[in-house]
1. Which numbered condition in (1) touching a residue at least 60 places away in the same chain (Cβ under 8 Å); (2) of a type outside the set (Phe, Trp, Tyr); (3) within 22 Å of Ser85 (Cα to Cα) is the only one that Ile311 fails?
2. Look at the stretch 100-146 and say how many of its residues are in a helix (DSSP H, G or I), within 19 Å of Ile86 (Cα to Cα) and among the acidic types (Asp, Glu).
3. Listed residues Gly190, Gly200, Gly182; which is part of a loop (DSSP other than H, G, I, E, B), buried (at least 24 other Cβ atoms within 10 Å of the Cβ) and at pLDDT 75 or above?
4. Can you go through Leu65, Leu60, Leu8 and tell me which one is touching a residue at least 40 places away in the same chain (Cβ under 8 Å), within 20 Å of Leu289 (Cβ to Cβ), in a helix (DSSP H, G or I) and among the hydrophobic types (A, V, I, L, M, F, W, C)?
5. Yes or no: the stretch 84-91 includes at least one residue that is assigned to a loop (DSSP other than H, G, I, E, B), of a type in the set (A, V, I, L, M) and farther than 23 Å from Lys29 by Cα.
6. Only one residue in Asn67, Asn76 is among the polar types (S, T, N, Q) and more than 15 Å from the chain's Cα centre (by Cα), so which one is that?
7. Considering the stretch 210-245 alone, what residues qualify as being closer than 20 Å to Tyr297 by Cβ, hydrophobic (A, V, I, L, M, F, W, C) and touching a helix residue (DSSP H, G or I) at 6+ places or on another chain (Cβ under 7 Å)?
Amino acid sequence: MTKYAIALHGGAGTILRSHLTPEKESAYKTALNEALEVGESVLKNGGSALDAVEQTVITLENCPLFNAGKGAVFTNEGKHEMDASIMNGIDLCAGAVSGINQVKNPVKLARAIMEKTEHVYLSGEGALQFAKKINTELENEDYFYVQMRYDQWKEAQKSDGIFLDHNLQQNENGEKKFGTVGAVALDLHGNLAAATSTGGMTNKKFGRVGDSPIIGAGTYANNATCGISCTGHGEFFIRSIVAYDISCLMEYAGLTLKQACDKVVKDKLVKIGGEGGLVAVDKFGNVELSFNSEGMYRAMKTSESEAYVGIYE
């Protein structure tokens, strides 16, 4: 293998040009491009796909524009509950965490779960205990405070509703954004990997968990087929097992990456009312940025193509 590929997303939904100021649009594109450059640097220097997706997602988690890590939304109790997962296509090893707080970069904890325990998925207080045991970098609540997210939470509390990410705007102009972040990559050694991270739903209750930390729903990687990271209305992605479904269609039905993504995202999901999208790369280095919403924050770069950064449909 002499080629590499990387793709990332920062959320999908009703993202219209008329809803973003030129300054905000520029900020999002700059952030996406910075994350892309971080991941590509790993790949072109011979690094692993696993390192590339982890470093890409860490960069997005550290940016307050996205609903993950520092920019995570507030729960009904005014706290943060973050979810993340990572998967290695070479051996199908995976790690995932949900309902975590204080952890600066949940995707790093997900990788530690994969590499330092016999488990795949840890949650809540137990996951935090493990994070402290291995000296994961923690932050106090002030670090995760973003005024925009706080305002969204206070707006959501007026109706006691549960909203998907930036849905302060949803009441005003119908805008919906699903702010999960994620990345997929193929490295020069022919290995695939995927990672996803999110702060979940604004004003969420009862420990709600979406698709992001669920292997096969929001994240999947298999060297035989592809790497997938999803963003959208998590309940629908869980019910459709979206990430694994695409891999299955390639492995058992012989579909191409594009055919499988189109079938799942633009047909199967639409039929049950599931909105959102995903980024995908296959074992040949083909990339798909597939979504059924008005837009998706996205970027991609391969060893054979120029960098692409997009927001709108």
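The values are calculated or read from the model by the stated rules, or taken from the named source; none is laboratory data. The structure presented is a predicted model; accordingly, all values stated were derived computationally and were not measured. All Cβ positions, glycine included, derive from the backbone under ideal geometry; neighbour counts span all protein chains shown.
1. Just one mismatch for Ile311, condition (3).
2. 1
3. Going through Gly190, Gly200, Gly182 in turn, the sole match is Gly200.
4. Leu60
5. Kept after step one, since they are assigned to a loop (DSSP other than H, G, I, E, B), are these residues of the stretch 84-91: 89-91.
Subset that is of a type in the set (A, V, I, L, M): 90.
Filter once more, so that each one left must be farther than 23 Å from Lys29 by Cα: 90.
Scanning the stretch 84-91 turns up at least one residue that is assigned to a loop (DSSP other than H, G, I, E, B), of a type in the set (A, V, I, L, M) and farther than 23 Å from Lys29 by Cα.
6. Sole residue among the options that is among the polar types (S, T, N, Q) and more than 15 Å from the chain's Cα centre (by Cα): Asn76.
7. If the condition is that a residue be closer than 20 Å to Tyr297 by Cβ, hydrophobic (A, V, I, L, M, F, W, C) and touching a helix residue (DSSP H, G or I) at 6+ places or on another chain (Cβ under 7 Å), then Ile228, Cys230, Phe236, Val242 are the ones that fit.
Here is a yes/no grid of residues against (1) of a type in the set (Asp, Glu); (2) over 20 Å from Lys301 (Cα atoms):
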| site | (1), (2) |
| --- | --- |
| Lys29 | no, no |
| Glu34 | yes, no |
| Ile58 | no, no |
| Lys70 | no, yes |
| Lys79 | no, yes |
| Met82 | no, yes |
| Cys93 | no, yes |
